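Written out below as structure tokens is the structure these notes cover.
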Amino acid sequence: MNTVDLIRKKREHNTLSEQEINFLVTDYTKGKIPDYQFSAFLMAGYLNGFNAKETASLTKSMLYSGRVINLDMIKGKKIDKHSTGGVGDKTSLILAPIAAAAGVIVPMISGRGLGHTGGTLDKLEAIPGFTTNIGLPKYISVLQKCGAVLAGQTKEIAPADKLIYSLRDVTATVESIPLITASIMSKKLAEGIDGLVLDVKTGSGAFMKKYDDALALADSLTRTAKAFKKKVIAFITDMNQPLGNYIGNWLEVYESIKILQGDTPGNLGDLSFHLSGAMIFLGGKSSSIQEGVEISKQMVSSGKAFDKFLEIVKLQGGNTELIKHPDKYTKSKIRETIFAESSGYLESTDNFQIGMASLELGAGRMTMADKIDPKAGIIFYPKIGDKIKKGEIIAEILTDKKEKVDKVKIQLKRAINLSNKKTPVPKLIKSSMSL
Ligand code: URA
């Protein structure tokens with residue numbers, strides 16, 4: 001096979017076979033195809049698209065560029081969740097212990113913050129001592145002992161994705177639904193799962209701002225999971241405002257603890273229960289998602305989900321005393337309050353700007369070299385549709401970076417749009433699909 005011929009074939013809108021795609025991915029991963037040729041292939045695919053079969057072939061080649069974890073020695077269905085990311089999205093920390101407490105095996109490999117969104121690994125590492133960088137033997141032993149593990153990607157998992165993602169990042173080929181699908185699914189399938197719940201976000205704080213794009217991504221991910229004979233349920237959910245009220249790594253652990261202890265009002269509790277309900281259903285522990293939601297609520301009210309979270313934290317080296325007494329966590333030097341400058345109904349938020357503001361305070365990375373301040377972030381109180389009175393507290397900012405405070409205050413005030421008319425509350429779960 002000849003690389004130039006295959007690039008030309010894609011450039012001319014033709015379909016590549018499984019063998020042809022495997023040749024390109026495998027030889028690129030081995031360093032036999034140079035970056036400039038693979039970039040040309042990616043751009044041809046970005047512009048002309050890949051059909052469902054090609055997407056499955058890309059996924060397969062990337063998946064088998066590394067190791068697929070065999071979890072057959074652990075009894076029970078292995079179910080994970082993947083979210084496309086958002087502001088204040090901490091559901092993994094909540095639903096993994098809930099589903100595990102209900103008897104589902106949850107092998108979860110997560111990522112770091114990307115752009116304006118937070119990452120599960122950064123949140124977990126806000127817990128002193130908690131290690132996400134665990135090798136495969138420890139990954140399996142934690143899973144065997146408590147039914148859930150929350151870890152980072154190891155170098156054995158889909159190494160082709162790591163290389164290709166870096167190249168996509170610098171060749172303007174990230175925003176391609178087939179390439180995003182292959183990237184996400186190659187990593188998820190390597191975990192050795194039986195089923196997957198997908199949370200595809202849409203709105204101002206999501207990567208897929210438009211509903212139709214989120215729908216297309218959910219469809220592509222679902223079809224690809226099905227091609228690998230995995231059970232899958234996808235939800236398209238609202239990201240026009242933060243999930244919950246806390247944004248920032250420790251702040252999000254704190255809010256997760258509150259939910260796991262039964263303080264569950266609002267969009268965060270609702271979405272977490274829905275996603276864990278779907279995991280419980282796919283894991284064969286309920287006869288419907290709704291029954292899974294009820295079981296999730298029982299896991300929280302009985303204290304079993306919080307105990308499971310403590311067990312996971314302990315097994316992964318984290319300080320459980322701080323989970324039991326979160327108010328003892330080190331405080332930020334600055335805690336500033338932001339007040340509403342006028343009255344009205346909250347019509348919309350610029351959720352992207354809220355995410356960016358938390359990055360400014362130290363909660364995320366502007367460059368890969370930046371160090372995260374786990375304490376930093378924002379507590380953002382109002383929800384769309386709420387009536388706000390002039391002078392009311394709308395947010396608090398927590399940071400050690402005094403020089404950032406004024407800028408972030410302006411950013412947050414601008415991220416809020418008030419209306420004289422009562423505005424409708426956005427639907428949290430916009431649609432769902434399963435194949
Ligand atoms: N997340 C991934 O893992 N891959 C992508 O391509 C985009 C988001």
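The values are calculated or read from the model by the stated rules, or taken from the named source; none is laboratory data. In this text, all values refer to a predicted model and were calculated from it rather than measured experimentally. Note that each Cβ is placed from the backbone with ideal geometry, even for glycine, and that neighbours are counted across all protein chains shown. The area values use the complete protein model at the heavy-atom level, side chains included, leaving out ligands, DNA and RNA. Shrake-Rupley method; radii C 1.70, N 1.55, O 1.52, S 1.80 Å.
Can residue 45 be described as assigned to a loop (DSSP other than H, G, I, E, B) and either assigned by TED's automatic domain parsing to the domain that holds residue 238 or modelled with pLDDT of 95 or more (or both)? Don't jump to the end; show me each part of the working.
Working: assigned to a loop (DSSP other than H, G, I, E, B): no; either assigned by TED's automatic domain parsing to the domain that holds residue 238 or modelled with pLDDT of 95 or more (or both): yes.
The answer is no for residue 45.
Do the conditions hold for residue 199, that is, is it crowded, with 23+ Cβ neighbours inside 10 Å, at pLDDT below 95 and within 14 Å of the ligand (Cβ to nearest atom)? Steps first, answer last, please.
Values: crowded, with 23+ Cβ neighbours inside 10 Å: yes; at pLDDT below 95: no; within 14 Å of the ligand (Cβ to nearest atom): yes.
Against the criterion (crowded, with 23+ Cβ neighbours inside 10 Å, at pLDDT below 95 and within 14 Å of the ligand (Cβ to nearest atom)), residue 199 does not qualify.
If I ask for residues that are open to solvent by 10 Å² or more (accessible area, probe 1.4 Å) and either touching a Phe, Trp or Tyr at 6+ places or on another chain (Cβ under 7 Å) or assigned to a helix (DSSP H, G or I) (or both), which ones from the stretch 327-357 would you list?
Of everything in the stretch 327-357, those that are open to solvent by 10 Å² or more (accessible area, probe 1.4 Å) and either touching a Phe, Trp or Tyr at 6+ places or on another chain (Cβ under 7 Å) or assigned to a helix (DSSP H, G or I) (or both) turn out to be 327, 328, 329, 352, 353, 356.
Yes or no: residue 82 within 16 Å of the ligand (Cβ to nearest atom), over 10 Å from the mean Cα position of the chain (by Cα) and touching a residue at least 24 places away in the same chain (Cβ under 8 Å)? Break it down stepwise before answering.
On the way: within 16 Å of the ligand (Cβ to nearest atom): yes; over 10 Å from the mean Cα position of the chain (by Cα): no; touching a residue at least 24 places away in the same chain (Cβ under 8 Å): yes.
So residue 82 does not fit the description; no.
Among the listed residues 404, 430, which satisfies the condition of being under 20 Å from the mean Cα position of the chain (by Cα) and among the charged types (D, E, K, R)?
Details: 404 fails: under 20 Å from the mean Cα position of the chain (by Cα).
Selected residue: 430, the only one of 404, 430 that is under 20 Å from the mean Cα position of the chain (by Cα) and among the charged types (D, E, K, R).
Can you go through 142, 149 and tell me which one is out of contact with any Cys (no Cβ under 9 Å at 6 or more places or on another chain), over 30 Å from residue 361 (Cα atoms) and of a type in the set (Val, Ile, Thr)? Spell out how you get there, then give the answer.
Details: 149 fails: over 30 Å from residue 361 (Cα atoms).
Answer to the check: 142.
I'd like the full set of residues that are under 26 Å from residue 228 (Cα atoms), touching a helix residue (DSSP H, G or I) at 6+ places or on another chain (Cβ under 6 Å) and open to solvent by 20 Å² or more (accessible area, probe 1.4 Å), limited to the stretch 27-47.
29
Which of the numbered conditions does residue 293 fail, given that it passes all the others? Conditions: (1) in a helix (DSSP H, G or I); (2) in contact (Cβ under 8 Å) with a residue 24 or more places away in the chain.
Condition not satisfied by residue 293: (2).
Any chance the stretch 63-79 includes a residue that's closer than 20 Å to residue 429 by Cβ and assigned to a strand (DSSP E or B)?
Quick first cut of the stretch 63-79, residues closer than 20 Å to residue 429 by Cβ only: 79.
So of that shortlist, the ones also assigned to a strand (DSSP E or B) come out as 79.
Looking for residues that are closer than 20 Å to residue 429 by Cβ and assigned to a strand (DSSP E or B), one finds at least one in the stretch 63-79, hence yes.
Please go through (1) under 24 Å from residue 283 (Cβ atoms); (2) touching a residue at least 60 places away in the same chain (Cβ under 8 Å) for residue 122 and return the number of the only condition it doesn't satisfy.
Going through (1) under 24 Å from residue 283 (Cβ atoms); (2) touching a residue at least 60 places away in the same chain (Cβ under 8 Å) one by one, residue 122 breaks only (1).
Does the stretch 310-326 hold any residues that are buried (at least 17 other Cβ atoms within 10 Å of the Cβ) and either part of a loop (DSSP other than H, G, I, E, B) or on the phi > 0 side of the Ramachandran plot (or both), and which are they?
If the condition is that a residue be buried (at least 17 other Cβ atoms within 10 Å of the Cβ) and either part of a loop (DSSP other than H, G, I, E, B) or on the phi > 0 side of the Ramachandran plot (or both), then 316, 318 are the ones that fit.
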